[in-house]
Amino acid sequence: MNKKQMIEQAEESLFHVYNRFPVVFDYGKGVHLYDELDEEYLDFASGIGVMAFGYGNEDYENALITQLKRITHTSNLYYHQPMIEAAEKLCKASQMDKVFFTNSGAEAIEGALKTAKKYAYNKKGPGDYEIIAMENSFHGRTIGSLSVTGTEHYREPFYPLMSGVKFATFNDFGSILANLSDNTCAIIMETVQGEGGLYPAEQDFISKVRELCDDEGILLILDEVQCGMGRTGSMYAYQQYGIKPDILTTAKALGNGVPVGAFAVTKEVAENSLVPGDHGTTYGGNPLCTAAVSQVFDMFEDYKIIDHVNEITPYFSNALDKLVEKYDFVTGKRGLGLMQGLVLTIPVKDVVTKALLEQHLVVLSAGSDVLRLLPPLVITKKDVDEFMEKIQKVLDTFL
Ligand SMILES: *Cc1c(COP(=O)(O)O)cnc(C)c1O
């Protein structure tokens, strides 16, 4: 089948919920992807921040093959070794105390919201507990996670959503206070907003939010589904701010390609919220996925990935600065570590499409005006140079 036939066949039976690019990827190697004609693409999107170690990593593949041959699924009625190891490694990496494995980021958010509601229920009794979420945030597409996602046009067709959600302005502590009430049970935010346009939390803001939560007995939920797992130069972004959430959500790079997420809580939260019967999942934490998680954490240590991210970030960041200097329509740069965005005054969709189809460079957008770059964490200077060559060829066409 040629590409045109494949795409036609796909559209025959797939629910048209995505506007996909007319590209068929076949396999990957390192930071490169290859299409059905074996043509090479440079990947600076990592499958939306998932493929931290790039493609075709043998250590990763061998760990999964070994597990595949032993057992892939047991349900959560029983114990198994991969889950035990993955949970221990995630607790250690996040400095949280207890974890619950899910199948996605959105499902981790669902669990976090239920945990916060149950915590308030236990402490204060039944009530219509409120959540303060951020404008411009993104937490997922399920009803619960959509309810706390700060983009009105994503939410509007699906009203009524979960009740009691108030939206505050990210990085504006006054706005948090204005939305606070006696019924507030949690504040949820991304430590670095991803889809919303690569906005890192400001130190003063997040410190004050943490303090407020402590004073008021409110839980702080940090969504690090995108900014976690080494991307910003620490295992979790909050570790650079000297604070800790009460509930952490993580996913995307957690399994380096298998569908897995988790929410992790402090001992205090674990002891005063969900109990057996309150929550569950059939697949979540299955042996195959948690073997991947366990292997991912081992690879972070073995390859010293965090050190690598911190070494390569200045080189990448300087390269992006050159684009801001060179092109009038690139008006700024935002982000943290290998989670960077270029602010454009030209249509970002056109840039992303041209990069992919004409230069074989895979990049993302965030909102309508930010070119979002989430390269695999293992990129080298040579890859950054290749990126620069390709992106300049794309941007030159807009001059
Ligand atoms: C991607 C993302 C989610 C949702 O994760 P899914 O696996 O797509 O459900 C939630 N929060 C943030 C910050 C994300 O970037």
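The values are calculated or read from the model by the stated rules, or taken from the named source; none is laboratory data. The shown structure was predicted, so the numbers you read here are calculated from the model rather than taken from an experiment. We place every Cβ from the backbone using ideal geometry, glycine too, and count neighbours over all the protein chains shown. These area figures cover heavy atoms from the full protein model, side chains too; ligands, DNA and RNA do not enter into them. Shrake-Rupley method; radii C 1.70, N 1.55, O 1.52, S 1.80 Å.
By how many degrees, 0 to 90 and rounded to 10, does the Cα axis of helix 58-70 deviate from the longest principal axis of the chain? Helix 58-70 sits at roughly 50 degrees to that axis. I want to verify the translational diffusion coefficient of region 116-253 in µm²/s; compute it with Stokes-Einstein, Rh as the Kirkwood radius over Cα pairs, at 37 °C and 0.692 mPa s. It comes out at roughly 218 µm²/s.
Going by alpha carbons, how many degrees (0 to 90, nearest 10) lie between the helix axis of 305-326 and the longest principal axis of the chain? Approximately 60 degrees, to the nearest 10. Amide H to amide H under 5 Å from V378: which residues, 5+ apart in sequence or cross-chain, H placed 1.01 Å off N in plane? Under 5 Å from the amide H of V378 lie the amide H atoms of G54, each far enough along the sequence or on another chain.
Sequence-distant contacts, meaning Cα pairs under 8 Å at least 6 residues apart, place the relative contact order of region 1-73 at 21 percent. Take the Cβ atoms of D214 and K114, set R0 to 22 Å, and the FRET efficiency comes out at 0.50. Of the residues P287, A270, G197, the one whose Cα sits farthest toward the positive end of the charge dipole of region 60-302, with +1 on the Cβ of Lys and Arg and -1 on the Cβ of Asp and Glu, is P287.
With N the number of residues in region 60-302, Rg(Cα) / (2.2 N^0.38 Å) evaluates to 0.98.
Share of antiparallel DSSP beta bridges in the chain, in percent to the nearest 5?
Roughly 65 percent of the beta bridges in the chain run antiparallel, per DSSP.
Please give the length that would be gained between E271 and L68 if that part of the chain were fully extended, namely 0.36 nm times their separation in residues minus their C-alpha to C-alpha distance (nm, one decimal).
The E271-L68 span can extend by a further 69.6 nm.
When both region 71-109 and region 219-275 are represented by their alpha-carbon centers, they are found 12 Å apart. What would the Debye formula give as log10 I(q)/I(0) at q = 0.12, 0.15 Å⁻¹ for the alpha-carbon point model of region 259-319, no solvent? These q points yield log10 I(q)/I(0) values of -0.55, -0.74.
Mean residue ellipticity, 222 nm, helices only, the chain: the sum of -39500 (n - 2.57) across DSSP H runs of n ≥ 4, divided by residue count and rounded to 500, is -12500 deg cm²/dmol. Y154 exposes around 70 Å² of accessible area when a 1.4 Å probe is run over every protein chain in place. Ordering 244-250, 130-136, 320-326 by mean Cβ neighbour count within 10 Å, with the highest value first, yields 244-250, 130-136, 320-326.
With the simple model of a label 7 Å out from the Cα in the direction of the Cβ, N318 to D172 spans 3.8 nm. Each Lys and Arg Cβ is given +1 and each Asp and Glu Cβ -1; about its Cα centre, the chain then shows a dipole of about 460 debye. With a cut-off of 10 Å between beta carbons, the residues surrounding D35 carry a summed charge of -4, where Lys and Arg count +1 and Asp and Glu -1. Between T282 and T353, 0.36 nm times their residue separation minus their Cα-Cα distance comes to what? The span from T282 to T353 would gain 21.7 nm if fully extended. Tell me whether region 27-148 comes out rounded, prolate or oblate; compute the Cα gyration tensor, take square roots of the eigenvalues as a ≥ b ≥ c, and use a/c under 1.5 as the rounded threshold. Oblate, since a/c reaches 1.5 and b/c is not below a/b. Within the straight-line cut-off of under 16 Å between alpha carbons, the lysines reachable from K166 are K117, sequence neighbours fewer than 8 places apart in one chain being disregarded.
Using the Cβ-Cβ distance between D307 and V23 with R0 set to 30 Å, the FRET efficiency from 1/(1 + (r/R0)^6) comes to roughly 0.35. Measuring nothing but how far apart in sequence close Cα pairs (under 8 Å, 6+ apart) lie, relative to its length, region 60-302 scores a relative contact order of 31 percent.
Taking the centroid of alpha carbons for each part, region 124-152 and region 311-375 are 29 Å apart.
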